Ligand code: AKB
């Protein structure tokens, strides 16, 4: 049985991943850790929870020893848009935090999962069917930290044998916890506004295609890559994974099937447009499919229908 520590447990991914890991490995085997004091009762009451700052190596080591941790999910990150406002802090958290995690993992023999992102690609990357192995010259501090994180994770595997694994997540759509400070956040906000006001003002223009994924698939990818047979993995850090690619118009048309009066307008944010235009339109995730059997469950239609049902319930 694994003993798992999830760093960044109360964030958009963590708040759903912890629950799923607890179902699989047992509540007492999955420790949630976060700097956030305001975490949900569910997270604190369904299993162990520790107040943790990714920069506080000593405290993390105490927790690793206390629970005999052998696997760390490091989800702590400043996302792309907020990173541009605070580049030095983004580096400190994204790379300083990862370096701490990898060092702790080396000393205490833990496996490490770290999400990478479509943000690891840049304007010179082939934008359509972006290959697994291709040009990576991102132009955001977030993307630079993701590429550096991928290389650092491979380095710890090659030099020290730390079992590091990772996926490049697209924009993640979820109803439980809001994302914060990302370029793809519009694809979550649009659902809240569709239910509350039947209209949404989008910061990205029509024609901006980006890879996206519904959270249950993202959680599945994070768990399956860590369970994958290592002898089958030719890549490690990091696998392209995607489930769908759409632009705001396509998403709005899908929402309209459920909320006929829904309208979409635009108030373009040039900073977000620049970031979004530097990312792929759609990735080729065949390496993940071939090496560890990746396959998403949710199409755009499935995701939209489930998001609206779940959010309507939440916003009642
Ligand atoms: C962001 O928009 O910054 C993130 C991402 C795609 O990594 N959601």
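Read the figures in this text as sums done on the coordinates, not as results from a lab. Everything numeric in this text was worked out from a predicted model, so none of it was measured. Glycine gets a Cβ as well: all are built from the backbone with ideal geometry, and neighbour counts include every protein chain shown.
General remarks:
- Inter-centroid distance (Cα atoms) of the stretch 101-133 relative to the stretch 143-170, Å: 5
- Tail beyond 22 Å, pair distance distribution of the stretch 63-140 (Cα, percent): 40
- Shape of the chain, Cα gyration tensor, a/c cut at 1.5: prolate
- Helix 57-66 vs. the chain, principal-axis angle (Cα, 0 to 90°, nearest 10): 70
- The per residue volume of the convex hull around the alpha-carbon atoms of the stretch 1-143 is 129 Å³.
- Taking each residue as 0.36 nm, the span from residue 289 to residue 305 lengthens on full extension beyond its C-alpha to C-alpha distance by 3.2 nm.
- Simple spin-label estimate for residue 313 and residue 107 in nanometres, 7 Å along Cα-Cβ: 4.4
- Computed from label points 7 Å out along Cα-Cβ, the spacing between residue 51 and residue 159 is 3.4 nm.
- Centre separation in Å (Cα based) which lies between the stretch 12-33 and the stretch 197-271: 23
- Per-residue [θ]222 nm for the chain (sum of -39500 (n - 2.57) over DSSP H runs n ≥ 4, rounded to 500): -12500 deg cm²/dmol
- Each Cα pair under 8 Å and six or more residues apart adds its sequence gap; the mean of these over the residue count of the stretch 1-81 is a relative contact order of 39 percent.
- Label-to-label distance, nm, for residues given as residue 35 and residue 151 (7 Å Cα→Cβ offset): 2.5
- A Förster radius of 35 Å combined with the Cβ-Cβ distance from residue 266 to residue 234 puts the calculated FRET efficiency at roughly 0.25.
- Maximal additional length on extending the residue 253-residue 68 stretch stands at 61.7 nm, based on 0.36 nm per residue less the C-alpha distance.
- Relative to the dominant Cα principal axis of the chain, helix 141-160 is inclined by about 30°.
- Per-residue Cβ neighbour counts within 10 Å put 110, 41 in the sequence 41, 110, beginning with the fewest.
- Values of log10 I(q)/I(0) for the stretch 97-193 across q = 0.14, 0.16 Å⁻¹ run -0.63, -0.78, by the Debye formula with one identical scatterer at each alpha carbon and no solvent.
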